[in-house]
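S.K.: Just passing along the structure, written as C-alpha cells.
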Amino acid sequence: MIVGVASCPQPPLLLPGLTGAPVPEVERLRGACTAAVRDLLGGRPAEVVIVGGDAEGWYDGGEPLSIVLGRQLLAAAGCTVPVRARVVAAGSPTPDCLAAGRALAAGLARPAAL
C-alpha cells in the first residue's frame with residue numbers, strides 16, 4: 001500500500017557542497033525538497049521506495065543521480081525506515097511506466113512512501 005508520494009527534481013546542484021559557496025536559489029530548492037520528504041515521512045511509512053530515472057551516461061558510480069539525490073534528501077529529512085530503490089529507464093514509454101508502477105504497488109508488503 002502506498003501511503004504517500006513526494007516528487008522532487010534531480011538537478012546535480014541539489015547535492016550538498018556541489019556549488020561551492022551557498023547559492024540562495026539552490027538552498028531554497030534543497031530546503032523545499034527536504035521539507036517535502038519530511039512531510040512524506042510524517043505519514044509514518046514502514047519503508048520508502050525511491051523511484052528514479054536512469055539518465056544514461058550521466059553518473060559515475062553505482063547509482064544514478066536520481067537515487068543518490070533521493071538518499072541524500074531522505075538522510076537530510078531524518079529517515080529511519082528501510083529504503084529501497086527502483087530505476088526506470090529514461091525515455092520509457094508511458095505504458096511501460098504504468099506497468100512498472102502497478103508491479104511496484106502490487107509488490108509492497110507494508111505501507112510505503114515513494
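The values are calculated or read from the model by the stated rules, or taken from the named source; none is laboratory data. What you see is a predicted model, and the numbers here were worked out from it, not measured in a lab. Here Cβ is always computed from backbone atoms with ideal geometry, including for glycine, and neighbour counts include all displayed protein chains. Only protein heavy atoms, including side chains, enter the accessible area calculation; ligands, DNA and RNA are left aside. Shrake-Rupley method; radii C 1.70, N 1.55, O 1.52, S 1.80 Å.
S.K.: What helices (runs of 4 or more DSSP H) lie completely within the range 13-114 and have 2 or more residues being at pLDDT 95 or above and not polar (S, T, N, Q)?
M.R.: In the range 13-114, 24-41, 65-76 are the helices (runs of 4 or more DSSP H) which contain 2 or more residues that are at pLDDT 95 or above and not polar (S, T, N, Q).
S.K.: Checking the conditions here, which among GLY43, GLY17 is free of Cβ contacts under 8 Å to residues at least 12 places away in the same chain, open to solvent by 40 Å² or more (accessible area, probe 1.4 Å) and not hydrophobic (A, V, I, L, M, F, W, C)?
M.R.: None of the others qualify; the one that does is GLY17.
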